[in-house]
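These notes concern the structure reproduced below.
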Amino acid sequence: MSCADDVVTFVALGANLGDGAAALRAAVQAIDALPLVRVVARSSLYRTAPQQSSGPDYWNAVIKLQTAQSPDALLDALLRIESSMGRERPSGAINAPRTLDLDLLMYGTLRRQTPVLTLPHPRMVQRAFVLAPLAEVWPEGTLEGVAAAELAARRIAEGQRIERLGPL
């Protein structure tokens, strides 16, 4: 798929229940199989300590997409993939352990805030587990005027634990 309307999009993947690495790999395949979506880059696989959460360490990665889907359609598709892979959203539980988490980080240069979707993702600049893999697939990327790699280094210096493991 390729057309003039393709938008470069980034999605963060995470899991800390079950076989997280396998879940992330399966999610990438499912995303790449979506209509009007193509995975064009994938970061390494990372292991990270939970942030504002509990449970075992997380497996994390970021993928870069080209898509002609709208941001709302893409978000709906990501939520369906999460659900099909056993994601549960306990009522009142924020950042609960999960089998799969897919976050739409950016959709081109679109900036918007709705009750369902805020773009760019409002907390990504605070999270090494997003920034380090994002910098890998978007080395020229800047957020809030600072290189994603520099922001990742700052979060790590603040004590966020992250370990690069190898290919996703």
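The values are calculated or read from the model by the stated rules, or taken from the named source; none is laboratory data. Since the model is a prediction, treat every value here as computed from it, not as a measurement. Methodologically, a virtual Cβ is constructed for each residue, glycine included, from the backbone with ideal geometry; neighbour enumeration extends over all protein chains shown.
Hey, among the residues in segment 125-165 that are acidic (Asp, Glu) and in a helix (DSSP H, G or I), which one's farthest from Pro56 (Cα to Cα)?
Glu150
In this structure, does Ile63 turn out to be part of a helix (DSSP H, G or I) and at pLDDT 95 or above?
Here the answer is no, as Ile63 does not meet what is asked.
From the list Leu74, Leu78, Leu131, which residue is modelled with pLDDT of 95 or more, under 24 Å from Tyr46 (Cβ atoms), out of contact with any Leu (no Cβ under 6 Å at 6 or more places or on another chain) and of a type outside the set (D, E, K, R)?
Leu74
Just name the residue that is surrounded by the fewest Cβ atoms within 10 Å (Cβ to Cβ) out of those in segment 1-33 that are polar (S, T, N, Q) and modelled with pLDDT of 95 or more.
Of everything passing the filter in segment 1-33, Gln29 is surrounded by the fewest Cβ atoms within 10 Å (Cβ to Cβ).
Testing Arg161 on (1) in contact with a Ser or Thr (Cβ under 8 Å, 6 or more places away or on another chain); (2) within 16 Å of Ala27 (Cβ to Cβ); (3) at pLDDT below 95, one condition comes back false. Which one is that?
So Arg161 meets the others, but not (2).
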